[in-house]
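Following: one structure in C-alpha cells, then a few remarks.
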Amino acid sequence: MLTSLERLLRASTVLTGVQAAPYLRDASSAEPGMALGVVLAGSAADVATAVAWAHAQRIPVVPRGAGTGLSGGASALPGGLVISTERMDRIIELRPADRLAVVEPGVVVDDLDAAAGQEGLMYAPDPASSATATVGGTIATNAGGLRCLRHGVTADSISALQVVLADGRLLRTGAASRKNVAGYDLTRLFVGSEGTLGVITEATVRLLPIPEGERVTFQVAFPTTAAAGKAVAAVMASPITPDILELIDGTTAGIIESYSPSGLSTAAAATLVGQIVDPHARRLIDRLQRLFTDADGYDFRASSDDALLVGRRNAFPALAARGMGVSWLASDAAVPPSRLPELLDEIKLLEASHKRLISVVAHAGDGNIHAAVSADLQNPADVEVGERVVELIAAQAVRLGGTVTGEHGIGSLKRHLLTWALDDTSRDVHQKIKEALDPLGILNPGRGI
Ligand SMILES: Cc1cc2nc3c(=O)[nH]c(=O)nc-3n(C[C@H](O)[C@H](O)[C@H](O)COP(=O)(O)OP(=O)(O)OC[C@H]3O[C@@H](n4cnc5c(N)ncnc54)[C@H](O)[C@@H]3O)c2cc1C
C-alpha cells in the first residue's frame, strides 16, 4: 500500500517493520499502535504529498519531532502514518537585524540557540529536553523551560509558520515583521495544537539579545514545601523577575543526590534554585535573599557559575534512573504563582492520605508543577490509586485557577482531564475549529482536544 506513496515522494524515505520501530513511541508510557509506516520527510512538499495521500485514503497521520513528548502525542496510531520531521533540520536563514531565524521543524532547539549565539542572540525557550527536542515539536506543544519565566514560553517566540493542512494545502501564518494584526492570529492557533490541526513545516522564530551583566546563581533551603511556595509568590509579587526560579522538594533532592551528588540539601523539605543575569545582579540577589528569609528560607548560597543549577538539570535523568515510566506517574499541573503554596500543601496531604511517594520539581516562578507519583506499574490496582492521586492534583490546580497541563500537553494520556480545563462552550469552539481544519479527522485523532 505504501508503494504508491513512495512513488510520489521526492526527498523522503519510508520505513516499515523493525526500521520504523524507533519512531513509534514518545517518551511517555503510552503504548503505540501498529503503524502502517513512517515517512522520514525531507521537504515541506513531501509532507504535503504524504498528508494529501493519507487524506485521500482516510489514514490517520501522527506528526513527529524527536519523540521526547511526555503525553503520548507522538505515539503511533494503529494503521496510521507517522510523519517525522527530524531530517528537516536546516536553519534556513538567520536575520540578526530583524532578530529572527527561519528554520525547518526538525532543527534541535539547542542547535538553534547555539547558532543564534554566534550573533550575540539567543532562542529563549529551553525545555530540559532541549538537547534533543525539535523546534516543530516544541511549537506543537508550546513547550516551557527553565528560562521561560523571564523570556516567555515557546508561543512568545514564534512570529510565523508554514503548515501543511489536513488536505495537503500549504498555509502561511503570521509575518516576519515585529508587528502584525492582519487577520486572526493563526500562528497562535497552531502553537500547542499537538499535531491535530496541521504539520508545521517551517517556523520564523524570534531571537533575543543574550542578556548582559553578571550571572549569579542561587540556592536556598526551606523547612516546608509550602514555605518555598510562599517565597516564590513573594518574588513574583516583587518587581524582580529572575531568569530562572525552580523548586525541588526533599524527596527529589534525595533521588538527585544519590544519582549524582551536586550539593543539594537532602534534609530540607524544599530547595529553590535560580539565576539572575543582570548588570545589578548582586543587588537583586540581596533583595531576593531578604524575601526568602522572610519566608523562613535558610542556608542561602550564591555563585557566579552554573554549579548550583546542576542538581535541577539532573532531576529528570535521576528520576528516570529510579524507574520513571516504570514506577512513577507524571503530572504537569499549573497554577497562578500566588496559589503555589496551596497546591504544594495539597500534594503533601495526598502523599500522606494515599501512602504514595511524590517527587515534586517545579518551574516554580511559572507555577508549573511536575509531581511524579510512585506506583507499581505492573499492579493495576496500585496504578489506579496512583492515577487517582495525579487526577486529584490536577483537580486541585483547576480549583486554584490553574490548569491540568502547563507544558507537556494533553496528548493521549490526559484527555480524561480535559473537561476540567475547558468548559462546554470552549470544547464546542475547539471541536468547530478542528472540524473546519480537519473535517475527516485524520490529524492525530484521539490526541489533544
Ligand atoms: C528529559 C525530558 C525533559 C523535558 N523537559 C521539558 C520541559 O522542561 N518543558 C517542556 O515543555 N517539555 C519538556 N519535556 C517534554 C518534551 O520534550 C516537549 O513536549 C517537547 O516539546 C517535545 O518535542 P519533540 O520534538 O520531541 O516532539 P514530539 O515528542 O515528537 O511530539 C510532541 C507533539 O508535537 C506534535 N508534533 C511534533 N512535530 C510536529 C510538527 N512538525 N508539526 C505538528 N505537530 C508536531 C506531535 O504530534 C506530538 O503531539 C521533556 C521531556 C523529556 C524527555
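What follows is calculated from the coordinates using simple rules that are stated; it is not laboratory data. On a predicted model such as this, the values are computed, not experimentally measured, just so you know. Every residue, glycine as well, gets a Cβ built from its backbone with ideal geometry; the counts of neighbours run over all protein chains shown.
Observations, loosely collected:
- Each of Ser130, Ser303 has some number of other Cβ atoms within 10 Å of its Cβ, and from fewest to most they run Ser303, Ser130.
- For segment 160-173, the Karplus equation 6.51 cos²θ - 1.76 cosθ + 1.60, evaluated at θ = phi - 60°, returns couplings of 7, 9, 10, 9, 8, 7, 4, 8, x, 6, 9, 10, 10, 10 Hz by residue, with Gly and Pro reported as x.
- Loop-located GluC sites (Glu not before Pro) in segment 131-215 (DSSP state not H, G, I, E or B) with no more than 16 neighbouring Cβ atoms inside 10 Å: Glu212.
- Candidates per trypsin sites (Lys or Arg not before Pro) in segment 56-118, loop by DSSP, up to 11 other Cβ within 10 Å: Arg58
- Of Met34, Met88, Met122, the sequence from fewest to most neighbouring Cβ atoms within 10 angstrom is Met34, Met122, Met88.
- Quick note on segment 227-349: its Rg to Rh ratio, both from C-alpha atoms and Rh being the Kirkwood radius, is 0.96.
- Fewest-first sequence of Asp428, Asp98, Asp438, Asp46 by Cβ atoms within 10 Å of each Cβ: Asp428, Asp98, Asp438, Asp46
- Reduced Cα scattering model of segment 254-296, Debye log10 I(q)/I(0), q = 0.15 Å⁻¹: -0.53
- Counting only DSSP H runs of at least 4 residues, each contributing -39500 (n - 2.57), and dividing by the residue count of the chain, the helix-based mean residue ellipticity at 222 nm comes to -9500 deg cm²/dmol.
- 3J(HN,Hα) from dihedral phi, segment 368-375, Karplus parametrisation 6.51/-1.76/1.60, rounded to Hz, x for glycine, proline: 9, 9, 9, 9, 9, 9, 5, 7
- The long axis of helix 250-259 is offset from the longest Cα principal axis of the chain by roughly 70 degrees.
- Reachable aspartates and glutamates, given that their alpha-carbon falls under 15 Å from the alpha-carbon of Lys230 and they are not under 8 places away in the same chain: Glu246, Asp249, Asp294, Asp296, Glu342, Asp345, Glu346, Asp366
- Simple point charges give the picture: +1 on the Cβ of Lys and Arg, -1 on the Cβ of Asp and Glu, and for segment 349-424 a dipole about the Cα centre of about 100 debye.
- For segment 282-294, putting each phi into the Karplus relation 6.51 cos²θ - 1.76 cosθ + 1.60 with θ = phi - 60° gives couplings of 4, 5, 5, 5, 4, 5, 4, 4, 5, 4, 5, 4, 4 Hz, in residue order, rounded to whole numbers and with x for Gly and Pro.
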